[in-house]
1. Just to be sure I understand, how many residues within region 127-154 are within 19 Å of Gly13 (Cβ to Cβ), out of contact with any helix residue (DSSP H, G or I) (no Cβ under 6 Å at 6 or more places or on another chain) and of a type in the set (Lys, Arg)?
2. When you scan region 91-119, how many residues do you find that are buried (at least 17 other Cβ atoms within 10 Å of the Cβ), in contact with a Leu (Cβ under 7 Å, 6 or more places away or on another chain) and part of a helix (DSSP H, G or I)?
3. Limited to region 1-20, what total is found for residues that are assigned to a helix (DSSP H, G or I), surrounded by fewer than 20 Cβ atoms within 10 Å (Cβ to Cβ) and among the aliphatic types (A, V, I, L, M)?
4. Please identify the pairs in which a residue from region 84-100 that is in contact (Cβ under 8 Å) with a residue 12 or more places away in the chain has its Cβ atom under 7 Å from the Cβ atom of a residue that is part of a helix (DSSP H, G or I) and polar (S, T, N, Q), counting only partners at least 6 apart or on another chain.
5. Can you find, within region 120-153, the residue that is nearest to Ser88 (Cα to Cα) among those that are free of Cβ contacts under 8 Å to residues at least 12 places away in the same chain and part of a loop (DSSP other than H, G, I, E, B)?
6. For region 58-74, what are the residues that are of a type outside the set (Val, Ile, Thr) and in contact (Cβ under 8 Å) with a residue 40 or more places away in the chain?
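The values are calculated or read from the model by the stated rules, or taken from the named source; none is laboratory data. Everything numeric here is computed off the predicted structure, so don't read it as measured data. No Cβ is skipped: glycine too gets one built from the backbone with ideal geometry, and neighbour counts run over all protein chains shown.
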Amino acid sequence: MAIISIVGTSGVGKSFLIKQLSAIECLPAFFEGEEGTIPKNILENVFSNADPSKRYNWFINHYKKILSNAKKVSDLGLDCYTDCSELSARAILAAENADINFTLPKSNQLVLLIASKEKLQKLIKLRNRNSEKSEKAIIRSLKIQDQFIELAKKESFLIIDRSKLDFLQEEDLKFVLKKIKEKKNL
């Protein structure tokens, strides 16, 4: 069955959307991590001048573990959701001008969530994470989103602009689910 990776920049609502969709469909979900589950020194490294290679390696290994677990579930015959993919790592590395070779297990279906600057600012403010309290967080998120969009031009996957979508609204969730299923059946 399919590993459905819903990806996008920080704050766009990937994890929240996956929680909603996996609950609606009674499917397992695997998450990159919320603040508090990612080691503090890794989070602090995002906006410091420290060498980012330790952070890159941590996230690549973390993504590998998540995607490997998702593959095990998929191999058992269940669709599952995750909020990371090889594309996630590539977008972040490209935004930070890092050149690292790696390979991660593949997702069967990629869904890219994007949002306007205003929507990202609102969503990031709402989740109130310590690591995202500065304007640097918004700038970084937008830069990573630009990289996702550039990578999307080279591959065929679903892009959903959630600028006007509210993932607490049933009609918006049904819209997203319909788009995912349509793309899956192509």
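1. Qualifying residue count, region 127-154: 4.
2. Total satisfying the criteria: 1.
3. The qualifying residues number 0.
4. Filtered contacts from region 84-100: Ala91/Gln147; Ala94/Gln147; Ala95/Gln147.
5. The selected residue is Lys153.
6. Tyr63, Lys64, Leu67, Ala70, Lys71, Ser74
Conditions tested, residue by residue: (1) acidic (Asp, Glu); (2) at pLDDT 95 or above; (3) within 14 Å of Val7 (Cα to Cα); (4) surrounded by 15 or more Cβ atoms within 10 Å (Cβ to Cβ).
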site	(1), (2), (3), (4)
Leu151	no, no, yes, yes
Lys154	no, no, no, no
Leu158	no, no, yes, yes
Arg162	no, yes, yes, yes
Leu165	no, yes, no, yes
Gln169	no, yes, no, no
Lys174	no, yes, no, no
Glu182	yes, no, no, no
Asn185	no, no, no, no
